[in-house]
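The values are calculated or read from the model by the stated rules, or taken from the named source; none is laboratory data. Computed from a prediction, not measured in an experiment: that's the story for all the values here. Reconstructed Cβ throughout: ideal geometry from the backbone, glycine too, with neighbour counts over all protein chains shown. These area figures cover heavy atoms from the full protein model, side chains too; ligands, DNA and RNA do not enter into them. Shrake-Rupley method; radii C 1.70, N 1.55, O 1.52, S 1.80 Å.
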Amino acid sequence: MLKRRALLSGVASMWAFGPAFVHQAVAQSNEIHERFIAQAFSMRDWAVSEGDQAFGAIVVKNGQVVGLGPSRVVTNWDATAHAEMEALRAAGRTLGTHDLSDCILYTTSPPCRMCETAAYWGNIERVYTGRSISDRGKPGYGC
Amino acid sequence: MADPIRQPNTSTPAAFMQRALDLAAEAEKSGRGNAYGAVIVQEDKIIGQGTNAIYAQNDPTAHGEVEAIKDACRRTGSNDLSGAVIYTSGGSPCPMCATACYWANLDRIFYAHRADEITDGGAPGYGKC
């Protein structure tokens, strides 16, 4: 009931304030995504500077970065240390739980099947990838 | 996991699978994680072992297979485990673990609920994406 009321009032306010209001909200959220995806790309640059594969990822919760993930496949000799996996591991350490509900994963390239499923196990809320910040939605089991 | 690797008395598939099943039981008993374990075997020797450790490490990626691959990579100093196979407890590995086996270049996946009923899961593939 509460949800429905909130939805109705949302629709009402959109009608009242017109498209300019909606446009502003979208612009604001794009700005936030751009800032975080830029941080994922800085993780990629870091990985490259360390001699690793050119991938980066970060995990964000409530507007705070909780996990940084440069690819560490080469530097850690770890076949499973893709950028997304490292970001999820770091987020788990930061938050003190394996349950990363309400967290968003930003990654420089579309995740592979391993990383997509890892995000699924971590209960990640949403995945955004690449310079275009394409919205991949909630991660799935497999792809 | 820096624990020394306990090699089975005989180098049979059943013996390797029994180690994976024992690791699974240990994980559940100690509360490290859910009841899953795995070993990586190369030339009749276990070169890496792991258990599910999602609670102990606060790590959603810490499934038994992933931990075993990480351990084998660390001990061999290589991210390429070509020529090795994985014995893992439970059913067919999840897409994360199956794809981790693919990235580590493992030759074959064997899985089982019981040491005397091993299923050959074949060579790991990237899977459909």
| said: Given the -39500 (n - 2.57) contribution per DSSP H run of 4+ residues, what per-residue ellipticity at 222 nm results for the protein assembly as shown, rounded to the nearest 500 deg cm²/dmol? | reply: -13000 deg cm²/dmol
| request: Can you send over the solvent-accessible area of B:Phe110, 1.4 Å probe, protein chains only, in Å² to the nearest 10? | output: 40 Å²
| query | Under the definition of Cα pairs under 8 Å and six or more residues apart, what whole-number percent is the relative contact order of chain B? | reply | 21 percent
| query | So, counting K/R as plus one and D/E as minus one, what does the shell of residues with Cβ under 14 Å around A:Glu50 add up to? | reply | -2
| said: Keeping every protein chain present and rolling a 1.4 Å probe, give me the accessible area per residue for chain B in Å². | reply: 44 Å²
| request: For the stretch B:31-80, list whatever residues lose no less than 40 Å² of accessible surface once every protein chain is in place, relative to that chain by itself, with the probe at 1.4 Å. | output: B:Asn58, B:Pro60, B:Thr61, B:Lys70, B:Asn79
| field | Convex hull of Cα atoms in chain B, direction-averaged projection (nm²) | value | 7.2 nm²
| query | Measuring from the lowest to the highest alpha carbon on each principal axis, how far does the stretch A:27-110 reach, largest first, in angstroms? | reply | 38, 29, 18
| message | Using each residue's phi in the stretch A:99-113, evaluate 6.51 cos²θ - 1.76 cosθ + 1.60 at θ = phi - 60° and report the 3J(HN,Hα) Karplus result to the nearest Hz, with x for Gly and Pro. | response | 9, 9, 4, 6, 9, 10, 9, 9, 9, 6, 10, x, x, 6, 5
| said: Test of understanding: in a Gaussian network model of chain B with alpha carbons linked when under 10 Å, which of B:Pro93, B:Pro60, B:Pro13 would top the mean-square fluctuation ranking? | reply: B:Pro60
| the stretch B:41-75-the stretch A:97-117 distance, computed between alpha-carbon centres (Å) | 20 Å
| field | Area accessible to solvent at B:Arg114, 1.4 Å probe radius, in Å² | value | 120 Å²
| query | In nm, to one decimal, how far is the modelled label at A:Gln64 from the one at B:Glu26, with both set 7 Å along Cα→Cβ? | reply | 3.6 nm
| task | Quick one: grab the alpha carbon gyration tensor of the stretch A:80-126, order the square roots of its eigenvalues as a ≥ b ≥ c, and give me rounded if a/c is under 1.5, else prolate or oblate depending on whether a/b is larger than b/c. | result | prolate
| said: Given Cα positions, please report Rg to Rh for the protein assembly as shown, the hydrodynamic radius being the Kirkwood one. | reply: 1.07
| request: Taking only Cα atoms and a 10 Å spring cutoff, compute GNM fluctuations for chain B and point out the largest among B:Asn52, B:Asn79, B:Asn34. | output: B:Asn79
